[in-house]
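*Asks:* First the structure, then my questions, so here it is.
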Amino acid sequence: MAEDLGFHDAVRKHIRRSTAIAAVSSRPGLLGGLLFAAKAPAYHVHWLVVSEQARGKGVGRALMAEAMRRFVRGPGAVEVVTFGADHPGAVTSGARVFYERLGFTAAEAVDPGPEGGSRQVFRLVVTGFERRRDRP
């Protein structure tokens, strides 16, 4: 998805709206991008995409850390919908493990994705202290 020109256009549009961030490289193309909705106390990761060549190199973690720093303004919960445990994409994408490593916990199931596969909410409770802790 990170290689798709439509994805690049969507990232640019949301960056102008201050609802997205991107990870760029000195080479052409995006390393990744994140679309975030911040309406305290509910925060939502609408999508987080990392290019194939950048996976496993800390790009996703850096995007999430920057989103938390920029957009989380107080106590609440950050939520993301990802693959359900029985979905083949759960293993191939590594999304569930990624969010668990960031402290998210599996929560309720939600409607299936467009391909019919299961989806589940992952949630991270935030106190607001996390943001202050990152400041010098």
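*Asks:* On average, how much accessible surface per residue is there in the chain, in Å², for a 1.4 Å probe, leaving out ligands, DNA and RNA?
*Replies:* Numbers: 8150 Å² over 136 residues.
Solvent-accessible surface per residue comes out at 60 Å².
*Asks:* Shape of the range 28-74 from its Cα gyration tensor (a ≥ b ≥ c, root eigenvalues): rounded if a/c is under 1.5, otherwise prolate when a/b > b/c, or oblate? Working shown, then result.
*Replies:* Values: a/c = 2.93, a/b = 2.28, b/c = 1.29.
Here the range 28-74 falls in the prolate category.
*Asks:* Ignoring ligands, DNA and RNA, please state the percent of accessible area on the chain from carbon and sulfur, probe 1.4 Å. Write out the running numbers ahead of the final one.
*Replies:* Numbers: 4570 of 8150 Å².
C and S fraction of accessible area: 56 percent.
*Asks:* Please work out whether the range 84-125 counts as rounded, prolate or oblate from its C-alpha gyration tensor, where a ≥ b ≥ c are the square roots of the eigenvalues and a/c under 1.5 means rounded, while otherwise a/b larger than b/c means prolate and anything else oblate? Mind showing how you got there, number by number?
*Replies:* On the way: a/c = 2.92, a/b = 1.39, b/c = 2.10.
Because a/c hits 1.5 or more and a/b fails to exceed b/c, the range 84-125 counts as oblate.
*Asks:* Roughly how many nanometres apart are two label points built 7 Å out from the Cα toward the Cβ at Arg16 and Ala107?
*Replies:* About 3.2 nm separates the two model spin labels.
*Asks:* For the pair Arg73/His46, report the inter-label distance in nm, with labels modelled 7 Å from Cα in the Cβ direction.
*Replies:* 1.8 nm
*Asks:* If you don't mind, another one. Let me know the shape class of the range 1-106, please: from the alpha-carbon gyration tensor, a ≥ b ≥ c as square roots of the eigenvalues, rounded when a/c is under 1.5, otherwise prolate if a/b is greater than b/c, or oblate.
*Replies:* Numbers: a/c = 1.70, a/b = 1.07, b/c = 1.59.
Oblate, because a/c is 1.5 or more while a/b does not exceed b/c.
*Asks:* Points 7 angstrom from Cα along the Cβ direction at Asp86 and Lys57: gap in nanometres?
*Replies:* 3.7 nm
The values are calculated or read from the model by the stated rules, or taken from the named source; none is laboratory data. From a predicted model like this one, the values you see are computed outputs, not experimental measurements. Glycine gets a Cβ as well: all are built from the backbone with ideal geometry, and neighbour counts include every protein chain shown. Accessible surface is based on the protein model in full, side chains and every heavy atom, while ligands, DNA and RNA are left aside. Shrake-Rupley method; radii C 1.70, N 1.55, O 1.52, S 1.80 Å.
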